[in-house]
Amino acid sequence: MKFTVARDVLSEAVNWTARTVPTRPSVPILAGIRMEAADGVLTLSSFDYEISTRSEIPADVEVAGEALVSGRLLASIAKSLPNNPVQFTLEGPKISLVCGTSHFTLATMSVDEYPPLPVLPEVRGTIDAQVFAQAIAQVSVAASSDDTIPLLTGVRMEIEDDTITLLGTDRYRLAMREFKWEPAQPGISTALLVKARVLGDVAKSMTSGGRVELAFSTEESGANSLIGFVSGSRRTTSTLMDGDYPPVRRLFPENTEIQAVVNRHELVEAVKRVSLVAEQRTSVRLKFEEGQVTLEAGTDDNAQASEVVGATLQGASLTTAFNPRFLEGGLGVLDTDFVKFSFTDPAKPAVITGQKSETEGQDVAFRYLIMPIRFGI
C-alpha cells in the first residue's frame, strides 16, 4: 500500500474518525483505525461493536491496500505534521509516514482480526443539518450523564410522518423539541432511543453540510437494531438502546395560570453572577412580581447575592427556586431574546419557552421543564 494525501484533509478526517476509538478497548485491536486505499480514495474507519464511523477523502493511490494502526497515535501525529503532502507506505508489519522532513514509522495490527463495520440501515429521509444540530443541543442538555439509570443517558426520538420529536430527561428536568424532516416514504411511525453522546458527536461533526441522511432499522432485533447518520463522505452508526423510556410527555401541564416574560440575555448574566455564592446543591431563588424578578442566592451564615431584572407578569406573584446549573442550561440553548416561564404552582415544575419579543407569542417547538427546589422562607 502506498498513497499520498493532503495534510489538512488527513488531519481532519483522522481526528473525526478517532472520536469513537475507545480509550480502554475491551479488545486491543479496537484501538485501531482501519485505512483502505483504492481508486483514488482513502477510507478511514473505526468500530467498538456499538458505534462505527467511516470517512472517505481523496488520495493519490500508487498501490492499493489496507492497514490497521493505532487511532489515537495517528490522530496526534496528523495534527502535528507540517503543511506538506503526507505519504504513507506499507512496509511489511510497519507503515511509514513522510511529511516534508518529518518521518514516522508505526506498527500495524492484523487487519484480518478487525471486525467488519455494520451495514448501514435503510435511509428513511433527510433533515436540515442546522435544525438537527440545534435540536440535538437543546435536548441533550437535559439527558442524564449518570450511568446509574442507563436509559436516561439516551434521547428518545419519536417519528410521526414528517415530524420528529426529541425528548431528554435526567428526572430533574425535561427537554422536548419538535421539528420537520423529509421522510423518504410517508406514514413512518416509530420511536428510537439513541445514546445522547452519539447525537452530540453528530451535532458537532456532521451538520456543517446542508442535510443529514437518517437511516434506521426498526426490527425487534435487540442490540442489532441500528441508527445511522450520513453527511457527505462521513457516516456514523450506533446500536439503539433497549428499554421502555418513561412517559414524560404527560409532565407538561395543559394549562398554566401564571406566566412571566424576561429578557433572556439579562437573566442569563444575572443567574451567572448570583450563583457565584450558591454553594453546591443549593438553589437560586426567583421572586416574580409585576415588573421584575428578583434573584437571590446564599445563606445568612455565608456569602449572599441578589439582583433584579425587569419582567412582565401575568397572574399572581410567586417565589420559587431552581438548581442554577439546570436553569442556565435551559436558558443557554434558547435562541430567542426573551424567555417565558409558565407556572401552575411555585412548588410544581415550571415550563420554559422562548419568545422573540416581550409581547410576541411563545415558540413551543422547544420546551424545557425544570423541577423546583424546596427552600426555607
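The values are calculated or read from the model by the stated rules, or taken from the named source; none is laboratory data. These figures come from a predicted structure and were not determined experimentally. Glycine gets a Cβ as well: all are built from the backbone with ideal geometry, and neighbour counts include every protein chain shown. Ligands, DNA and RNA are stripped out before the accessible areas are found, and what is left, the full protein with its side chains, is counted by its heavy atoms. Shrake-Rupley method; radii C 1.70, N 1.55, O 1.52, S 1.80 Å.
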* Using only Cα atoms, what is the ratio of the radius of gyration of the chain to 2.2 N^0.38 Å? -> 1.19
* Structure fact -> FRET efficiency for residue 171 and residue 56 from the Cβ-Cβ distance with R0 = 45 Å, rounded to 0.05, comes out at 0.65
* Structure fact -> In whole angstrom, the spacing between the Cα centers of the range 326-377 and the range 10-83 equals 43
* Mind checking the per residue accessible area of the chain for me, 1.4 Å probe, whole number of Å²? => 48
* **Crossing angle, helix 129-140 versus the chain [Cα axis fit, 0-90 degrees, rounded to tens]** => 60
* Asked: Out of every Cα pair in the range 87-215, what percent are spaced more than 20 Å from each other?
  -> 58
* Asked: By how many nm would the segment from residue 242 to residue 151 lengthen if fully extended, with 0.36 nm per residue of separation less the alpha-carbon distance?
  -> 32.0 nm
* **Label-point separation in nm, residue 208 to residue 251, each point 7 Å along Cα→Cβ** => 3.6
* Let me have the 222 nm mean residue ellipticity of the chain computed from DSSP H runs of 4+ only, each contributing -39500 (n - 2.57), with the sum over all residues rounded to the nearest 500. => -5000 deg cm²/dmol
* Structure fact -> Once amide hydrogens are built 1.01 Å from N within the peptide plane, the residues lying 5 or more places from residue 188 or on another chain with amide H under 5 Å from its amide H are 161
* To do: State the extension gain, in nm to one decimal, for the chain segment bounded by residue 130 and residue 94, taking 0.36 nm per residue of separation less the distance between their alpha-carbons.
  => 8.8 nm
* If one takes the longest principal axis of the Cα atoms in the chain, at what angle in degrees, from 0 to 90 and to the nearest 10, does the Cα axis of helix 71-80 lie? -> 90
* Asked: Based on the Cβ-Cβ distance from residue 162 to residue 29, what FRET efficiency comes out when R0 is 35 Å, to the nearest 0.05?
  -> 0.25
* To do: Treating the angle as unsigned and between 0 and 90°, give the value, to the nearest 10°, between the Cα long axis of helix 7-17 and the longest Cα principal axis of the chain.
  => 60
* **Distance in nm between pseudo-label sites at residue 233 and residue 107 (7 Å out along the Cβ direction from Cα)** => 3.1
* How many nm is it between the label spots at residue 63 and residue 84, if each spot is 7 Å from the Cα in line with the beta carbon? -> 2.1
* To do: Could you quote the convex hull projected area for the range 158-301, Cα atoms only and averaged over all directions, in nm²?
  => 13.1
* How many percent of the accessible area of the chain is carbon or sulfur, using a 1.4 Å probe? -> 47
* Given 0.36 nm per residue, what is the gain on full extension from residue 364 to residue 48 after removing their alpha carbon distance, in nm? -> 109.9 nm
* Gyration tensor (Cα) of the range 1-64, equivalent ellipsoid semi-axes in angstrom -> 23, 12, 9
* FRET efficiency estimate (nearest 0.05) - Cβ-Cβ, residue 276 to residue 9, R0 41 angstrom -> 0.40
